[in-house]
1. Yes or no: Trp25 among the aromatic types (Phe, Trp, Tyr), part of a loop (DSSP other than H, G, I, E, B) and farther than 21 Å from Glu180 by Cα?
2. Considering each of Ala160, Ala122 in turn, give the residue that is in contact with a helix residue (DSSP H, G or I) (Cβ under 6 Å, 6 or more places away or on another chain) and either without any contact (Cβ under 8 Å) to a residue 40 or more places away in the chain or among the aliphatic types (A, V, I, L, M) (or both).
3. In the set Glu30, Glu97, which member is among the charged types (D, E, K, R), under 25 Å from Ile178 (Cβ atoms), out of contact with any helix residue (DSSP H, G or I) (no Cβ under 6 Å at 6 or more places or on another chain) and not in a strand (DSSP E or B)?
4. Going through the stretch 77-94 one residue at a time, which ones are more than 16 Å from the chain's Cα centre (by Cα) and assigned to a loop (DSSP other than H, G, I, E, B)?
5. If I go through the stretch 171-182 residue by residue, how many of them are modelled with pLDDT under 95 and either surrounded by 15 or more Cβ atoms within 10 Å (Cβ to Cβ) or in a loop (DSSP other than H, G, I, E, B) (or both)?
6. Given the options Val88, Val95, Val99, name the one that is without any contact (Cβ under 8 Å) to a residue 24 or more places away in the chain and β-branched (Val, Ile, Thr).
7. Out of Lys63, Lys42, report the one residue that is more than 23 Å from Met124 (Cβ to Cβ), among the basic types (Lys, Arg) and either part of a helix (DSSP H, G or I) or without any contact (Cβ under 8 Å) to a residue 24 or more places away in the chain (or both).
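The values are calculated or read from the model by the stated rules, or taken from the named source; none is laboratory data. In this text, all values refer to a predicted model and were calculated from it rather than measured experimentally. Cβ: placed from backbone, ideal geometry, glycine included. Neighbour counts: every protein chain shown.
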Amino acid sequence: MHLKLNLIAAACENMGIGMNGDLPWRLKSEMAYFSRMTTMTKDPAKKNIVLMGRRTWECIPKKYRPLQGRINVVLSSQSLNLGDDAIVCKSIPHVIEMVSQYPLKDKVEKIWVIGGSSVYKASMDSPNFYRLYLTRIKKHFECDTFFPPIPNNFTLVHDAEVPTDTQEENGIEFEYQIYEKK
């Protein structure tokens with residue numbers, strides 16, 4: 001089984017993805033899209049993994065941790081004990097190795113990388129990279145965390161599960177884009 005990494009992120013015009021450990025915007029429909037994409041499976045007996053760095057985990061409000069209906073995996077070089085809330089791994093190859101073995105082997109459908117910047121970068125550089133699902137927010141927000149540059153060999157593709165037209169909420173326009181390596 002070849003495990004593929006799907007990345008999902010939202011970025012504003014300057015490729016910002018966060019400010020002070022939070023999203024700089026409030027878009028309920030975009031959050032619903034994130035939840036649907038990272039939770040939905042074709043096989044009801046399986047779940048998806050949401051893979052994130054330690055800081056991303058810590059920035060999720062406690063009442064929403066772990067992200068429900070998904071297997072939460074946190075990347076960290078530190079020794080962390082997150083109990084039953086999340087599995088801790090040291091690297092992306094460690095995650096791939098863990099998911100390809102029992103007991104997770106038959107329980108996981110997709111791996112969704114949800115941040116932050118360094119985890120996105122490592123995932124795009126990984127031989128297991130498959131797709132980047134990027135919400136382009138057509139407005140400038142002040143940010144202190146940014147999405148890494150998208151490589152030149154990434155090309156736009158379509159997915160029947162993803163709306164192609166421009167969305168709008170609270171006066172903010174945004175669109176969903178999907179990239180694959182050429």
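1. Details: among the aromatic types (Phe, Trp, Tyr): yes; part of a loop (DSSP other than H, G, I, E, B): yes; farther than 21 Å from Glu180 by Cα: yes.
Against the criterion (among the aromatic types (Phe, Trp, Tyr), part of a loop (DSSP other than H, G, I, E, B) and farther than 21 Å from Glu180 by Cα), Trp25 qualifies.
2. Every option except Ala122 fails the conditions.
3. Working: Glu97 fails: under 25 Å from Ile178 (Cβ atoms).
Answer to the check: Glu30.
4. Those that are more than 16 Å from the chain's Cα centre (by Cα) and assigned to a loop (DSSP other than H, G, I, E, B): Ser77, Gln78, Ser79, Leu80, Asn81, Leu82, Gly83, Asp84, Asp85, Lys90.
5. So the first thing to find is which residues in the stretch 171-182 are modelled with pLDDT under 95, and the list is 181-182.
Now drop any that are not either surrounded by 15 or more Cβ atoms within 10 Å (Cβ to Cβ) or in a loop (DSSP other than H, G, I, E, B) (or both), which leaves 182.
Qualifying residue count, the stretch 171-182: 1.
6. Details: Val95 fails: without any contact (Cβ under 8 Å) to a residue 24 or more places away in the chain; Val99 fails: without any contact (Cβ under 8 Å) to a residue 24 or more places away in the chain.
Answer to the selection: Val88.
7. Numbers: Lys42 fails: either part of a helix (DSSP H, G or I) or without any contact (Cβ under 8 Å) to a residue 24 or more places away in the chain (or both).
Testing whether each residue is more than 23 Å from Met124 (Cβ to Cβ), among the basic types (Lys, Arg) and either part of a helix (DSSP H, G or I) or without any contact (Cβ under 8 Å) to a residue 24 or more places away in the chain (or both) leaves just Lys63.
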